[in-house]
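Heads up, the thing below is written out as structure tokens.
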Amino acid sequence: MYRELGATSSCSVRAAKEMANGGQRKTEHRRNCILGDSWCASVKTAEAIHECGRESIGIVKTSHIFFPKKELEEKMKTWPGGINLAIEATTSKGVKLLAIGYKYDSSKVLCFVATKNAGSTMLGDPYQAWFANDYDNVWSRPVDRPQIISTYFQKSNGIDKHNQARQLN
């Protein structure tokens, strides 16, 4: 597997295979979804995780070969917060993937790669943005985001929460 996928993808796929249901209830209707940070999120990894019977969602930062990161950032650079752009593609192995650009504010485009059935690009739970107004009062407002991105951010910090709890004891 290492020769075909490389170190990062092969490690991610081995972990995905070993996580029986990944802490999720087993269901006949939906495959388990693996969430990955930027270390294990790439087109190659998403394709391989799909091939081993799982879905995946990951945030793309540095491993963007075959991913339209530059194009998404360029297209969306002047767009306001709460906007997303999803592109569907099929790999040479026939795996359907999504490339998603998302802006929660007006400055940065976050990029995600996901398998087609990992979630929906329809509206999900909004992001709650906090900011100070002209009088230094703290305000918040909801920022739209697709369901697939809501799922990622609601669940992706599970390891961080575990590490924090472990360090408190």
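Residue count for the range 102-115 under the criterion of being of a type in the set (D, E, K, R) and part of a strand (DSSP E or B): the result is 1. Here the range 28-66 is the region considered, the condition is being part of a helix (DSSP H, G or I) and surrounded by fewer than 16 Cβ atoms within 10 Å (Cβ to Cβ), and the residue that is modelled with the highest pLDDT is E51.
For the range 128-149, give me each residue that is part of a loop (DSSP other than H, G, I, E, B) and touching a residue at least 12 places away in the same chain (Cβ under 8 Å).
Kept after step one, since they are part of a loop (DSSP other than H, G, I, E, B), are these residues of the range 128-149: 133-137, 144-145.
Result: D144, R145.
Per the listing F131, F112, the residue uniquely hydrophobic (A, V, I, L, M, F, W, C) and under 22 Å from E71 (Cα atoms) is F112. Across the range 67-101, the number of residues qualifying as in contact (Cβ under 8 Å) with a residue 24 or more places away in the chain and part of a loop (DSSP other than H, G, I, E, B) comes to 10. Across the range 109-128, the number of residues qualifying as at pLDDT below 95 and aromatic (F, W, Y) comes to 1. How many residues are modelled with pLDDT of 95 or more and within 19 Å of K70 (Cα to Cα) if we restrict to the range 92-108? Residues meeting the conditions: 6. Comparison of E51, E55 shows that the only residue that is more than 12 Å from the chain's Cα centre (by Cα) and of a type in the set (D, E, K, R) is E51.
The values are calculated or read from the model by the stated rules, or taken from the named source; none is laboratory data. Nothing here was measured: the structure is a model prediction, and the numbers come from that model. Glycine also receives a Cβ, built like all others from the backbone with ideal geometry; neighbour counts cover every protein chain displayed.
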